[in-house]
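A.B. asks: First the structure, then my questions, so here it is.
The values are calculated or read from the model by the stated rules, or taken from the named source; none is laboratory data. Computed from a predicted model, the values in this text were never measured in an experiment. Note that each Cβ is placed from the backbone with ideal geometry, even for glycine, and that neighbours are counted across all protein chains shown. Please note that ligands, DNA and RNA were not included when accessible areas were found on the heavy atoms of the full protein model with its side chains. Shrake-Rupley method; radii C 1.70, N 1.55, O 1.52, S 1.80 Å.
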Amino acid sequence: MNIDRPKIVLLYQSLLGIYGDHGNAVVLTKRLQWRGIDAELLIVEPGQPVPTDGAVYLLGGGEDTAQITAVQELEADGGLFTALDDGAMLFAVCAGYQICGKSFTIGARNEVIKGLGLLDAETRRGPERAVGEVLHIWTQPDGNTYPITGFENHGGWTELGSDAKPLAAVEIGWGNGNRRDEGAVQGRVIGTYPHGPVLVRNPQLADHVLEMALGRRLEPLDIPEMTALRQRRIEAVRTDRS
Ligand code: GLN
């Protein structure tokens, strides 16, 4: 990985790109560039080699059948696994999160598909589809809590094994399906359900991913309009529920 020119690698947008999660890759790149770091955004589609020198890799949400193809392509290529072994970060949303687990079930076929095995997690069809605005409470490395806003839309419910820890606690929404825990963290892999894109809506989570990837703290970067918008969203979703 080139720390001076970090690569943000957006994987398989044509397969797992229907919820606009590519915005996560854009905001990571921008937040580095706004700090004067010469970051580069790479878009990698199925069939193209996955570079092994990226700093952060991103997977987004998509439909069940696209998930099967994404697993096959990533396993055949192997580059993502090499990059993670070399210290890169993977940030995966919804369908992308589910394929990182040990297995996931495809709705129409009710078939259990082997995942990438990067997270100790298994996804099965839930009794209902989890749809709606969410508010999740993320505990940052310094112990402070930070509400994460976004929206979820998934039929799969995810159960974590002991090697994976939840990313956040659910205040509003379904999270992993149990309405209690949300997402998963294991080593250098973070999986989460919210779209939004979630890293655009929640810049401190974006900076956490970048700091993990670069192995150092970044100078604070506050965009007051964004902070105000975030606050309004948090209040709106709490008010809607009450
Ligand atoms: N197809 C998966 C599910 O319904 C993921 C959906 C998504 O990415 N939003 O559980």
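A.B. asks: Only residues that are on the phi < 0 side of the Ramachandran plot and either open to solvent by 30 Å² or more (accessible area, probe 1.4 Å) or assigned to a loop (DSSP other than H, G, I, E, B) (or both): list them for the stretch 116-130, please. Reasoning before the result, please.
C.D. replies: Filtering the stretch 116-130 down to residues on the phi < 0 side of the Ramachandran plot leaves 116, 118-130.
Leu116, Leu118, Leu119, Asp120, Glu122, Arg124, Arg125, Pro127, Glu128, Arg129 - these are the residues of the stretch 116-130 that are on the phi < 0 side of the Ramachandran plot and either open to solvent by 30 Å² or more (accessible area, probe 1.4 Å) or assigned to a loop (DSSP other than H, G, I, E, B) (or both).
A.B. asks: For the stretch 27-54, name all the residues that are touching a residue at least 60 places away in the same chain (Cβ under 8 Å) and of a type outside the set (Phe, Trp, Tyr).
C.D. replies: Listed by number, the residues that qualify are Val27, Leu28, Arg31, Leu32, Arg35.
A.B. asks: Of the conditions (1) surrounded by fewer than 20 Cβ atoms within 10 Å (Cβ to Cβ); (2) at positive phi, Leu221 satisfies every one except a single condition; which number is it?
C.D. replies: With respect to (1) surrounded by fewer than 20 Cβ atoms within 10 Å (Cβ to Cβ); (2) at positive phi, Leu221 is out only on (2).
A.B. asks: Under the condition of being of a type outside the set (Phe, Trp, Tyr) and outside any loop (DSSP other than H, G, I, E, B), which residue from the stretch 94-103 is nearest to the ligand (Cβ to nearest atom)?
C.D. replies: Narrowing the stretch 94-103 to residues of a type outside the set (Phe, Trp, Tyr): 94-96, 98-103.
Filter once more, keeping what is outside any loop (DSSP other than H, G, I, E, B): 95-96, 98-100, 103.
Details: Ala95: 3, Gly96: 7, Gln98: 6, Ile99: 9, Cys100: 12, Ser103: 13 Å.
The selected residue is Ala95.
A.B. asks: Quick one: which helices (runs of 4 or more DSSP H) lie wholly within the stretch 13-93 and hold at least 3 residues that are closer than 15 Å to Glu211 by Cα, modelled with pLDDT of 95 or more and among the hydrophobic types (A, V, I, L, M, F, W, C)?
C.D. replies: On the way: elements: 22-33, 64-77, 79-85.
Ranges flagged: 22-33.
A.B. asks: Kindly indicate the residue of the stretch 10-22 that is in contact (Cβ under 8 Å) with a residue 60 or more places away in the chain and among the hydrophobic types (A, V, I, L, M, F, W, C) and also farthest from Gly62 (Cα to Cα) among those meeting that condition. It would help to see each step written out before you state the result.
C.D. replies: Taking the stretch 10-22 and keeping what is in contact (Cβ under 8 Å) with a residue 60 or more places away in the chain, we get 11-12, 16, 19-22.
Keeping just the survivors that are among the hydrophobic types (A, V, I, L, M, F, W, C) gives 11, 16.
Working: Leu11: 12, Leu16: 4 Å.
Only one residue tops the list, namely Leu11.
A.B. asks: Can you say whether Asp64 is surrounded by 14 or more Cβ atoms within 10 Å (Cβ to Cβ), of a type in the set (D, E, K, R) and within 12 Å of the ligand (Cβ to nearest atom), as far as the supplied structure shows?
C.D. replies: Values: surrounded by 14 or more Cβ atoms within 10 Å (Cβ to Cβ): yes; of a type in the set (D, E, K, R): yes; within 12 Å of the ligand (Cβ to nearest atom): yes.
Answer is yes for this residue.
A.B. asks: Would you check if there is a residue in the stretch 186-196 being without any contact (Cβ under 8 Å) to a residue 40 or more places away in the chain and surrounded by fewer than 18 Cβ atoms within 10 Å (Cβ to Cβ)?
C.D. replies: Going through the stretch 186-196, the residues without any contact (Cβ under 8 Å) to a residue 40 or more places away in the chain turn out to be none.
No - not one qualifying residue is present in the stretch 186-196.
A.B. asks: Scanning for something open to solvent by 10 Å² or more (accessible area, probe 1.4 Å) and in a helix (DSSP H, G or I), does the stretch 104-115 turn up at least one residue? Steps first, answer last, please.
C.D. replies: Kept after step one, since they are open to solvent by 10 Å² or more (accessible area, probe 1.4 Å), are these residues of the stretch 104-115: 105, 107-114.
Pick out the ones that are also in a helix (DSSP H, G or I) and you get none.
Looking through the stretch 104-115, none of the residues is open to solvent by 10 Å² or more (accessible area, probe 1.4 Å) and in a helix (DSSP H, G or I).
A.B. asks: Residue pairs, Cβ under 6 Å, 6 or more apart or interchain, first in the stretch 153-178 and open to solvent by 40 Å² or more (accessible area, probe 1.4 Å), second away from the ligand (no atom under 16 Å from the Cβ). List them.
C.D. replies: Listed by first residue and then by second, the contacts come to Asp163/Asp120; Asp163/Gln186; Lys165/Val185; Pro166/Asp181; Ala169/Ile137; Glu171/Leu135; Glu171/Ile137.
A.B. asks: For residues that are of a type in the set (Phe, Trp, Tyr), within 16 Å of the ligand (Cβ to nearest atom), out of contact with any His (no Cβ under 7 Å at 6 or more places or on another chain) and in a strand (DSSP E or B), tally how many sit in the stretch 146-174.
C.D. replies: Going through the stretch 146-174, the residues of a type in the set (Phe, Trp, Tyr) turn out to be 146, 151, 157, 174.
Subsequent filtering for residues that are within 16 Å of the ligand (Cβ to nearest atom) retains 151, 157, 174.
Those still in the list that are out of contact with any His (no Cβ under 7 Å at 6 or more places or on another chain) too: 157, 174.
Next cut, in a strand (DSSP E or B) only: 157.
Adding up the residues that qualify gives 1.
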